[in-house]
Amino acid sequence: MVNEKFLSRINCNDKSYYLQVEVLHEGHSGFKLTLTDGKLAWKGKVSEEELDTQSDSLDIDFRDYVEQTKNALSTHSGKETSFVCQVEEEKDIAKFVWKKHIPDQNIKFQLGEANLELHKRPENAILQMFFCTLTEAESLKKKMSSVEEENSRLSAERETAVEKLAKAVDAKQNLENDLFTKFLAVLNSKKAKIRELMQELDDMQSAGPSSSTNAEKTATSKLPASKPKKKISKV
């Protein structure tokens with residue numbers, strides 16, 4: 001597993017510092033710290049044992065404490081909490097302190113601290129930070145390129161989906177028009193048949209009873225003649 005590195009700027013006592021943090025095994029093995037003001041540099045480490053001791057003293061779960069320390073060192077603040085870092089320079093040591101701040105409750109308490117030793121060759125530390133920045137920029141560039149490719153792919157898929165949807169809508173409209181045309185033709189045919197039957201009925205009623213009687217006689221004459229019943233002779 002590659003250790004995560006990040007660089008952040010810290011403003012303290014009207015002075016800007018740059019902090020490089022290397023996260024060891026997601027923070028569970030500690031953190032390596034390098035601090036510089038552009039001229040001098042300090043380096044140090046927060047070990048797993050120190051993290052365990054500090055989490056016990058604050059009565060915080062170790063994993064939760066590691067996550068909060070990581071957020072504090074990377075100055076990642078949330079909506080409900082924020083983190084503050086302080087630097088106190090001494091002769092050969094820089095005391096680095098990180099605190100948690102809860103604005104809604106106006107509470108600020110110290111999460112941890114580390115004593116960073118003065119780097120004998122600060123230019124090497126600054127050069128390493130510069131290299132880390134270039135590496136991070138290159139990584140972000142690759143991520144942006146990957147995101148752009150993904151966006152292009154999703155845009156193409158979206159256009160294809162829109163085209164298919166438009167074709168489906170057109171097909172649905174054409175099908176509805178075809179069904180409506182066929183239904184209208186059947187409906188008009190039924191209406192014409194109904195008008196024809198109603199006209200025949202009107203004609204029969206206008207002709208009077210004799211026509212009805214003649215029609216009944218005609219209908220009766222068309223019926224088959226009934227056979228005469230046989231007489232049963234008495235013995």
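The values are calculated or read from the model by the stated rules, or taken from the named source; none is laboratory data. Remember, it's a predicted structure, so these values are computed and weren't measured experimentally. Methodologically, a virtual Cβ is constructed for each residue, glycine included, from the backbone with ideal geometry; neighbour enumeration extends over all protein chains shown. Protein only, heavy atoms only, side chains kept; ligands, DNA and RNA dropped before computing areas. Shrake-Rupley method; radii C 1.70, N 1.55, O 1.52, S 1.80 Å.
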Structure shown: which of K43/K70; K70/K91; K167/K191 lie over 24 Å apart, alpha-carbon to alpha-carbon? K70/K91; K167/K191
Report Rg (one decimal) and Dmax (nearest whole number) for the stretch 70-153, counting Cα atoms only, units Å. 18.3, 57
HN-Hα couplings for the stretch 130-137 via Karplus (6.51, -1.76, 1.60; θ = phi - 60°), in whole Hz with x for Gly/Pro, come out as 4, 5, 4, 5, 5, 4, 5, 5
From the backbone phi of the stretch 180-196, what are the Karplus-calculated ³J(HN,Hα) couplings (6.51 cos²θ - 1.76 cosθ + 1.60, θ = phi - 60°) in whole Hz, Gly and Pro given as x? 5, 4, 5, 5, 5, 5, 5, 5, 5, 5, 5, 4, 5, 5, 5, 5, 5
Accessible area of the stretch 130-174 divided out per residue, in Å², using a probe of 1.4 angstrom: 90 Å²
Note down the nm distance, to one decimal, between modelled labels 7 Å out along Cα→Cβ at N151 and at L58. 3.7 nm
In whole angstrom, the spacing between the Cα centers of the stretch 18-76 and the stretch 187-209 equals 99 Å
Taking amide H atoms as placed 1.01 Å from N in the peptide plane, list the residues 5 or more away in sequence, or in a different chain, whose amide H sits under 5 Å from that of H119. A41, W42, K43
Portion, in percent, of the accessible area of the stretch 1-126 that falls on carbon or sulfur, probe 1.4 Å: 43 percent
When the gyration tensor of the stretch 1-132 is built from Cα positions, what are the square roots of 5 times its three eigenvalues, in whole Å, from largest to smallest? 23, 17, 14
Long-range amide H contacts for I10: which residues qualify at under 5 Å (H placed 1.01 Å from N, peptide plane, sequence gap of 5 or more or a different chain)? Y17, Y18, L19
Given a 1.4 angstrom probe, I'd like the percentage of the accessible area of the stretch 139-179 that is carbon and sulfur, rounded to a whole number. 58 percent
Cβ neighbours within 10 Å, averaged per peptide: list 30-36, 98-104 in order, most packed at the top. 30-36, 98-104
Please list the non-local residues whose amide H lies under 5 Å from the amide H of S29, H modeled 1.01 Å from N, same-chain partners needing a gap of 5 or more. L24
